[in-house]
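Asks: Attaching a single structure in structure tokens format; questions to follow.
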Amino acid sequence: MKHTQQAIKFCILLSFIATLFLVSGCASTSGKDKPSDKYSTLRLFGAVQPDHTGRHQTVPIYRRTPIMLSIASENFLDEGFILEASVIETVGGFSIRIQYDKQGAGRLEVATHRMRNQHIAIHSSFPEGRWLAAPVIDAPISNGLLVFTPDATREEADRIVKGLNELSKKLRKS
């Protein structure tokens, strides 16, 4: 019994430390560039039904007329799997296009297959953090290509994309 309690305490401590690493980010500061000034993040979260487990959070999506969406506390995909990001022109505006690497494409396919007809919440820090979109998944995304219209100005979208591409280059060199 005592060993079980110690194991539980150890797991809780390990989870806390892992959460600290995830929250602190993966880029290190060198010279004049702070990571938040040079890099962007992009995290995808699945919508969930609220329950008593506490493994979800409710977030406001869209600034002008926010919708409150319950999402999983942990993301299912992040910027570490991005090959390339771009801003593309669409009818009446622009969208952000994200191409994931093979591993990211696999994660995206599995998650979007599971979350058919549900929202995915998209969050970015560029350096300010914001919930950018919550598209409904009509069908599994099997080609690793995510395109969404962000709740952002064109300048902000360009900054997000530039920061994602800078981070992708840095990660590919490492």
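Where a number appears in this text, it was derived from the coordinates with a stated rule and is not lab data. Being a predicted model, the structure only gives us computed values, none of them experimental. No Cβ is skipped: glycine too gets one built from the backbone with ideal geometry, and neighbour counts run over all protein chains shown.
Asks: Using only the alpha carbon atoms of region 32-173, find the Kirkwood hydrodynamic radius as the inverse mean reciprocal pair distance, in angstroms to one decimal.
Replies: 15.4
Asks: Quick check on the exposure proxy: order Met68, Met115 from fewest to most C-beta atoms within 10 angstrom.
Replies: Taking fewest neighbouring Cβ atoms as first place, the list is Met68, Met115.
Asks: Hey, another quick one. Which trypsin sites (Lys or Arg not before Pro) in region 31-132 sit in a loop by DSSP (not H, G, I, E or B) and have at most 13 other Cβ atoms within 10 Å of their own Cβ?
Replies: For trypsin sites (Lys or Arg not before Pro) across region 31-132 that sit outside H, G, I, E and B with at most 13 neighbouring Cβ atoms in 10 Å, the list reads Lys32, Arg55, Arg63, Arg64, Arg116.
Asks: So for Asp158, Asp138, fewest C-beta neighbours within 10 Å to most, what's the order?
Replies: With the sparsest Cβ surroundings first, the list reads Asp138, Asp158.
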